[in-house]
Amino acid sequence: MTSASVSRSAAVSSTRPRYLALCARHTEPLVAAELIALPEVADVEVRSGAVAFAGPRAALYRANLYSRCASRILRVLGDYSCGGPADLYEAVRTLPWEEFVTTDGTLAVSAMGEAPGLSNSMFTALKTKDAVVDRFRDRLGRRPDVDPQRPDLRINVQLYEGPRGPRCMVSLDSSDPPLYQRGYRQQGGPAPLKETLAAAIIAQSGEPVLGAAPIAEAVHTAPPHQQRSTAVVDLCCGSGTLLSEAGLSMLRMAPGLSRDFGFMHWRDFDSGLWRKLQMEARQKIRPASEVFLFGSDVDPRALRSASQNLQAAGLYRYSRLTRCDLRDAEPPTNQPGIVLCNPPYGERMGDERELIELYRALGDTLKRRFVGYRAYVYTANLQLARQIGLRPSARHVLWNGMLEGRLLRFDLY
């Protein structure tokens, strides 16, 4: 996060809380579009690796419930000048932690970045924890315990260099665990695609049939009657993440419906409001009349994983999985649809020579058998991408962790 990426607010705002949606590079516009579409969300500002916004408690809850591309939603408590450990300690100790967790609760601290005397993230986290528990001891005579795995309150500290010197931003992680953990992944393959990246691939495609239209439709629009859905085909489906995210998006199923969030353990959690928002989200789910998700893979273990994950996501009845080499793949319906594909690209699995043949076979299959389709192929190996042998009509940069990938669109005439 750069110096331009952090809120300049200096204290907790009870009337207009500030939030920060963290995300992968180049997905900031996608996350901003998601947030702008939500009721109560205001003051959306795109930053580097994050999107800032404001709003009441419902805005925070909705952002966690509906965002497909963000990785975490933070509630910003304060942003302070930080010349060293003493400044960090004093800034943290002034914050009203007792409003968020009881003395019988648990907490943990995650720290990133550097400042003078604070080059070690473990020391930064320890100094932050000391300030929090000292405040509790002074005011209440008791303190919360530390639970690094599943705390009631996860505190996030970001140290960075501001235009006027080093600073620290102190936040609460309202998502915890991260939003890519939808709750449906039962099994994963050797190189699983994160759910948030799969969702970004779908959103970046801009395909309305994939649900890439603004998510305002999921909040404001009444679901139609059952209708025919466009076929979505994944020729290297692996554990089924692309198919799962496509299905959730096309049916307007909020990705956060099947999991818990960090804010649900805060003292100010409004369970009535949360139940209302969950009910609203369930009422907006679009029904489908038939199978529209088609996956194939040569590995039977991958297909078993995909089957379990689609089942957990509530999408199994809309899916059909086939053990098949992509060289032999055929379109599943008479009507053209969409191909989504994330073939292996050699960073963690596969032999380069075998992968060259795989990419050539993918291009040959698309060109010969999927005429009329639009295909979206995501890869982080541009040398392999050239082996597809087709000219992409569009390219988009999407990062997979530290790997710079490309989403390539092919119009198959």
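Remind me, relative contact order of the chain in percent, using alpha carbon pairs under 8 angstrom and six or more residues apart?
Answer for the chain is 14 percent.
Please report, in debye to the nearest 20, how large the charge dipole of the chain is about its Cα centre when each Lys and Arg carries +1 at its beta carbon and each Asp and Glu carries -1 there.
620 debye
Among DSSP beta bridges whose residues both lie in the chain, state the antiparallel percentage, nearest 5.
Values: 43 of 66 bridges.
Roughly 65 percent of the beta bridges in the chain run antiparallel, per DSSP.
Between segment 284-351 and segment 69-91, what is the separation of their alpha carbon centroids in Å?
Taking the Cα centre of segment 69-91 as reference, the centre of segment 284-351 is 42 Å away.
Counting other beta carbons within 10 Å of each residue's own, what order do VAL397, VAL44 fall into, fewest first? Each step should come with its number before you reach the end.
Numbers: VAL397 12, VAL44 18.
Result, fewest neighbours first: VAL397, VAL44.
About the Cα centre of segment 87-134, how large is the charge dipole given +1 on each Lys and Arg Cβ and -1 on each Asp and Glu Cβ? Please answer in debye to the nearest 20.
On the way: 3 positive and 8 negative charges, 33 e Å.
With Lys and Arg at +1 and Asp and Glu at -1, about 160 debye.
Work from the charge dipole of the chain (Cβ charges, +1 for Lys and Arg, -1 for Asp and Glu, about the Cα centre) and give the residue of GLY162, ALA306, PRO56 farthest towards its positive end.
ALA306
Check ARG18: other-chain or 5+ apart residues with amide H under 5 Å from its amide H, H built from backbone geometry?
Hits under the 5 Å cutoff: SER13, VAL76.
Given R₀ = 41 Å, FRET efficiency for GLU98-GLN187 by Cβ-Cβ distance, to 0.05?
Numbers: r = 42 Å, r/R0 = 1.01.
Between GLU98 and GLN187 the formula returns 0.50.
Sort ILE338, ILE155, ILE356 so the one with the fewest other Cβ atoms within 10 Å of its own Cβ comes first. Please report the intermediate quantities before stating the final value.
Numbers: ILE338 22, ILE155 25, ILE356 15.
Taking fewest neighbouring Cβ atoms as first place, the list is ILE356, ILE338, ILE155.
Using DSSP to call loops (not H, G, I, E or B), can you name the trypsin sites (Lys or Arg not before Pro) in segment 321-360 whose Cβ has at most 11 other Cβ atoms within 10 angstrom? Each step should come with its number before you reach the end.
On the way: sites: ARG323, ARG327, ARG348, ARG353, ARG360; in loops: ARG348.
Loop-located and lightly packed - ARG348.
Which Cα, out of ILE388, SER67, THR365, lies furthest along the positive dipole direction of the chain (beta carbon charges, K/R +1, D/E -1)?
Projecting each Cα onto the dipole axis, the largest value belongs to THR365.
State whether segment 259-305 is rounded, prolate or oblate according to the following rule on the C-alpha gyration tensor (a ≥ b ≥ c being the square roots of its eigenvalues): a/c under 1.5 gives rounded; otherwise a/b larger than b/c gives prolate, and the remaining case gives oblate. Working shown, then result.
Numbers: a/c = 7.34, a/b = 1.86, b/c = 3.95.
Taking the square roots of the gyration eigenvalues as a ≥ b ≥ c, segment 259-305 is oblate.
How large is the helix-only mean residue ellipticity at 222 nm for the chain, computed as the sum of -39500 (n - 2.57) over DSSP H runs with n ≥ 4, divided by its residue count, in deg cm²/dmol to the nearest 500? Let's see the in-between values first.
Working: 11 runs with 122 residues, N = 413.
The per-residue figure over the chain is -9000 deg cm²/dmol.
Could you list VAL209, VAL109 so that the one with the fewest beta carbons within 10 Å of its beta carbon is first and the one with the most is last? Don't jump to the answer; show the numbers that get you there.
On the way: VAL209 18, VAL109 25.
The order, fewest Cβ neighbours first, is VAL209, VAL109.
Values in this text are rule-based calculations from the coordinates and carry no lab data. The model shown is predicted, which means the values in this text are computed figures rather than measured ones. Note: ideal-geometry Cβ built from the backbone for every residue, glycine included; neighbour counts use all protein chains shown.
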